[in-house]
Each structure stands twice: as C-alpha cells, then as structure tokens.
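Below is one structure, written out as structure tokens; comments come after it.
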Amino acid sequence: MRQPSKAADQEGPAILWFRRDLRLSDQDAVQAAVGGKTPVIPVFILDDAKAGDWKAGGAARWWLHHSLTSLAGSLQKAGSGLVLRRGESAENILALVREVGAGSVHTGVMPEPWERAADAALANALAGMGCTLHCHRTALLHDPEAVTTQAGKPFSVFTPFAHAFSRVTHPAPPGPMPTRIPSPALPRSDKLVDWALLPSIRWDAEIAAHWTPGEAGAAERLQHFIAEAAAQYDFGRNAVAEAGSSSLSPHLHWGEISARQVWAALDEAPAGAGVAAFRRELIWREFTAHVLWHHPSVPDEALRPEFRTFPWRRDARALRAWQRGMTGVPIVDAGMRQLWSIGWMHNRVRMITASFLVKHLLLPWREGEAWFWDTLVDADLPNNSVNWQWVAGCGADPSPFFRIFNPVLQGKKFDPEGAYVRRWVPELAGLDTRFIHEPWAAPDVALRTAGITIGKTYPAPLVDLAEGRARALAALRQTVGRAA
C-alpha cells in the first residue's frame with residue numbers, strides 16, 4: 001500500500017473522502033480523521049469519467065443511491081453530514097481543500113488501477129499545498145501487494161496464495177463507530193436526487209423488496225447469516241433453491257461492512273467446515289484484488305496470451321437470449337432471470353450460466369462480464385473480471401477450458417426437486433421433476449399436462465449441448481495448437 005506523504009499536516013479541517021467504504025464502524029479513514037481533533041468534512045465524489053467503461057452499472061447505481069442515503073443519515077446522527085460532489089475526483093478534492101483550508105485528506109485505498117494512478121498524482125498535488133493525503137486500508141483484510149511468493153513475486157494460483165495469506169494475515173478486532181464527528185458548517189453539496197442514480201423506468205421493485213442497502217442492513221444480514229447458515233455454508237452454498245449463501249457481497253463491495261467485521265463475526269458461529277469454507281471465500285476476494293493490483297489489464301484482456309486470439313463467435317441473437325433468460329436451458333434461464341429480477345445470482349448458478357455462455361455458445365467472456373457489471377448490485381471489478389476469466393480458462397488459476405459444465409447435470413445435482421427453476425421460470429412450474437432440467441426430453445403427454453409447448457411457451461435450446469461442447473473443444477484445440 002502506498003504510504004501517505006511525509007509532510008506534516010497543517011492546521012485546518014480534515015476531509016474524510018468516502019469511496020467504496022460507505023460505513024462509520026470499523027473504518028480506519030473515519031477513525032483517523034476523527035482522531036485528529038480537527039473538524040471533519042465528509043465527502044463522496046461521483047467520478048464516472050475516471051472509471052471509463054467500468055463506471056457503476058444500472059443495478060449498482062440503484063444500490064449506491066440508497067447506500068449514500070443511509071450513510072448521510074448516520075453522519076447526521078453523529079452531528080455531521082455528507083458533502084456530495086460530481087466530476088473528476090482529484091479536481092474536486094483540490095477544490096475542497098482550497099475552499100475549507102484543509103490540512104489533511106483521509107481516504108481508503110481502492111484496488112482499481114485508475115484509482116491508484118489518480119491517488120499518486122493527487123498526493124503530489126496536495127503536498128504542494130501543504131496538505132497530506134492519508135490512504136487507509138478500508139476495503140480489504142490485507143494490502144494487495146503485501147502477499148508475495150518466496151521470490152517476492154505476485155501469486156497467480158489461489159491455493160498457495162491462500163496459504164501465504166493465512167500465514168501473514170491476522171485481522172485485528174473491528175474498530176468502533178464514532179458517536180460524534182466534529183464538523184464545521186459544511187460547504188456546498190449536490191443533491192443526491194439530481195444525480196439520477198435511480199432508474200427513470202422503475203424496474204427496481206423486486207430489488208427494493210429484496211435488499212436493504214446501508215450499514216444497518218449489512219449488519220442485519222451478517223447476523224442472520226451467522227445464526228442461520230454459516231455453520232452449514234460448506235454444503236448450503238451449493239443448494240441453489242435454499243438461502244445458504246450469505247448475500248453479503250453487495251454490502252462488502254460498497255464497504256457497508258468490512259471484511260474484518262465479517263471475519264470476526266465468524267468466530268461466533270458454530271465451529272465447523274462451513275466457517276472455514278466461508279473464510280476461504282473471503283480470501284478468494286482478497287486474491288482477486290491481488291490479481292487486479294498486479295495485472296491492471298485483467299478487466300479487458302485475457303491473462304493467458306494464447307486466449308487473446310481465441311476464435312469466439314459473434315451472435316447477437318444468442319447473446320440477447322442468454323441475457324433475457326430465454327436459452328431453452330432451464331437452470332441457465334432461471335439464473336439469468338434471478339439476476340434481472342433482484343440484481344444478484346446464486347454463486348453456483350453464476351458459474352453455470354457463465355460456462356454456458358463462453359463454452360456451449362462460444363461467446364466472448366467480456367460480453368458476460370459486461371452484462372454482469374450492469375445488472376449485479378454487487379458488481380465488483382476484481383471479482384467480476386477474475387471470475388469471468390476463471391470460467392473462460394484464460395485468467396489467474398483458471399478452471400481449464402475443457403472443463404465444461406453440463407447444465408442439465410448441474411441442475412439435477414444442485415436443484416434436485418426443481419424448486420429454483422420453478423421459482424424463476426414459472427412457465428415450467430407444472431412439469432414433472434424428472435424433466436424439469438431438460439424439458440426437450442419430456443414426452444408429449446408430460447408437456448401437454450404441464451401446458452408447455454417447446455418453441456412457443458418455452459424456447460427450444462439455443463444449442464444442442466453435445467454439439468456445443470464439441471465446438472468448444474475444437475476451438476480450444478485450435479487455440480492450443482496455434483500457441484504451441
């Protein structure tokens with residue numbers, strides 16, 4: 001992690017710059033700013049231009065609106081408020097420093113490459129004004145550049161990274177929430193409603209019914225997970241029709257709860273394989289940040305060079321059918337419809353739907369990455385890009401490209417009664433369980449009884465699964481042969 005400037009802080013207010021760490025408890029930037037004994041000016045800056053193609057998507061912007069509303073309320077209770085500014089981050093911070101005569105700026109370190117470059121330039125500019133930029137670890141358990149191989153190199157395989165991470169990482173107890181944040185009269189602020197983060201055509205009813213953005217909502221969901229599901233997480237996470245997942249991912253992404261708080265809370269859960277399995281998921285989150293930190297091109301370019309010329313197909317109709325959950329493959333369609341409905345998809349089904357796109361349909365992983373980015377409330381650049389490359393077999397610690405999930409077998413294994421499919425693909429709800437994951441194989445009488453006509457009430461499969469698999473393997477052989 002880059003260290004703050006050596007220049008001593010001048011007298012004046014401290015600017016507390018929130019990014020994806022939208023909480024007051026266990027927030028090192030908050031603690032440092034409040035502990036400085038000077039007035040504190042909390043600010044959030046919406047900087048779409050800096051992120052380029054990776055500015056927050058529609059679902060994430062919905063979440064951000066409500067999370068900022070929650071954060072502003074918490075700050076108000078602590079005797080402060082939240083200044084909102086829109087535009088280039090560094091320009092806004094420099095302008096605020098001049099406006100209020102700030103002596104220090106406290107913020108969190110973000111793993112995105114554009115944030116790192118901008119922070120370095122901002123630190124130099126602030127130093128020239130006699131102001132210090134202090135960067136704190138607010139999003140991760142460990143600094144992404146601090147875990148290395150014995151040769152001092154970054155890791156590219158998860159398991160040795162996890163072993164090394166576990167040896168050097170011993171999370172401290174979570175810090176408290178400040179009861180009082182001393183603030184002067186705050187400078188001008190934008191109105192959140194003017195940012196138009198909420199959709200103009202209200203497609204968000206089910207998202208709003210399912211989620212409670214904000215620090216209080218995150219704490220409530222963590223408590224529920226610890227009490228109800230953590231001990232069984234090792235097998236519950238794969239039961240796609242059950243509430244075995246933590247559903248903490250959007251709260252972690254937006255920093256409404258810290259990874260340290262989650263790690264500590266797991267000590268309260270019944271001991272067992274479930275807790276260990278979930279901690280491993282937290283370490284995977286650290287691994288994806290580690291990969292992005294050392295390979296900033298990961299969101300846009302395959303890590304494995306041979307896959308940069310992979311013979312992907314272009315098929316707008318097939319891509320649209322996948323996006324809409326109309327592929328004719330029930331477990332895939334159920335997942336894609338769940339995603340569109342609540343802005344989230346069960347992790348097991350994310351792998352199934354992603355594998356179907358890049359292997360059975362042979363469509364580019366970046367198309368899937370972009371769609372998930374726009375529709376997930378937990379769209380996280382390290383996780384999204386590294387996980388898509390993992391499925392496509394072209395990234396860090398990749399799942400081999402020749403490992404092709406059979407969506408019928410996956411459905412039968414992880415949704416054996418078809419409850420997940422019936423919930424999200426209601427036109428199949430009346431079909432006999434024996435055929436719920438492959439309705440094209442059902443006898444005519446079973447289809448008539450369920451009121452299903454393949455090709456009319458429910459689509460025929462976009463691709464024959466055996467043929468799609470063979471086509472993918474042929475493309476792999478072509479790629480490997482060319483690279484050899």
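The values are calculated or read from the model by the stated rules, or taken from the named source; none is laboratory data. Not measured: the values here are computed from a predicted model. With ideal geometry, Cβ positions are generated from the backbone for all residues, glycine too; neighbour counts draw on all protein chains shown.
Some points to look at:
- Restricting attention to the range 436-465, the residues that are farther than 16 Å from T327 by Cα, without any contact (Cβ under 8 Å) to a residue 12 or more places away in the chain and of a type outside the set (G, A, S) add up to 4.
- From the list R167, R86, R188, R98, the lone residue that is surrounded by 13 or more Cβ atoms within 10 Å (Cβ to Cβ) and of a type in the set (K, R) is R86.
- Against the test of being small (G, A, S), over 30 Å from R304 (Cα atoms), modelled with pLDDT of 95 or more and surrounded by fewer than 17 Cβ atoms within 10 Å (Cβ to Cβ), the options A243, A219, A264 yield a single qualifying residue, A264.
- Being buried (at least 17 other Cβ atoms within 10 Å of the Cβ), in a helix (DSSP H, G or I) and acidic (D, E) is a property that E369 has.
- Taken together, R337, R314 contain a single residue that is closer than 20 Å to V463 by Cβ, surrounded by fewer than 20 Cβ atoms within 10 Å (Cβ to Cβ) and under 20 Å from the mean Cα position of the chain (by Cα), which is R337.
- Residue within the range 232-246 that is on the phi < 0 side of the Ramachandran plot, in a helix (DSSP H, G or I) and over 21 Å from the mean Cα position of the chain (by Cα) present: yes
- Single unsatisfied condition, L362 versus (1) within 22 Å of D315 (Cα to Cα); (2) within 20 Å of the chain's Cα centre (by Cα); (3) assigned to a loop (DSSP other than H, G, I, E, B): (2)
- Any hit, the range 240-255, residues being more than 25 Å from T169 (Cα to Cα) and touching a residue at least 40 places away in the same chain (Cβ under 8 Å): yes
- One residue alone among P250, P296 is of a type outside the set (D, E) and surrounded by fewer than 18 Cβ atoms within 10 Å (Cβ to Cβ), and that residue is P296.
- Qualifying position, being more than 30 Å from the chain's Cα centre (by Cα), assigned by TED's automatic domain parsing to the domain that holds H253 and hydrophobic (A, V, I, L, M, F, W, C), among A95, A127, A151: A151
Every residue, every condition in (1) within 22 Å of the chain's Cα centre (by Cα); (2) at pLDDT below 95; (3) farther than 26 Å from A32 by Cα, yes or no:
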residue: H142; (1), (2), (3): yes, yes, no
residue: F161; (1), (2), (3): yes, no, yes
residue: P187; (1), (2), (3): no, no, no
residue: D190; (1), (2), (3): no, no, no
residue: D194; (1), (2), (3): no, no, yes
residue: P199; (1), (2), (3): yes, yes, yes
residue: R202; (1), (2), (3): no, yes, yes
residue: A205; (1), (2), (3): yes, yes, yes
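- Residue under evaluation S156, criteria (1) surrounded by 18 or more Cβ atoms within 10 Å (Cβ to Cβ); (2) modelled with pLDDT of 95 or more; (3) small (G, A, S), criterion not met: (2)
- Only a single criterion out of (1) part of a strand (DSSP E or B); (2) closer than 24 Å to A172 by Cα is not satisfied by V30, namely (1).
- V147 being of a type in the set (V, I, T), at pLDDT 95 or above and either out of contact with any helix residue (DSSP H, G or I) (no Cβ under 6 Å at 6 or more places or on another chain) or closer than 21 Å to L252 by Cβ (or both): no
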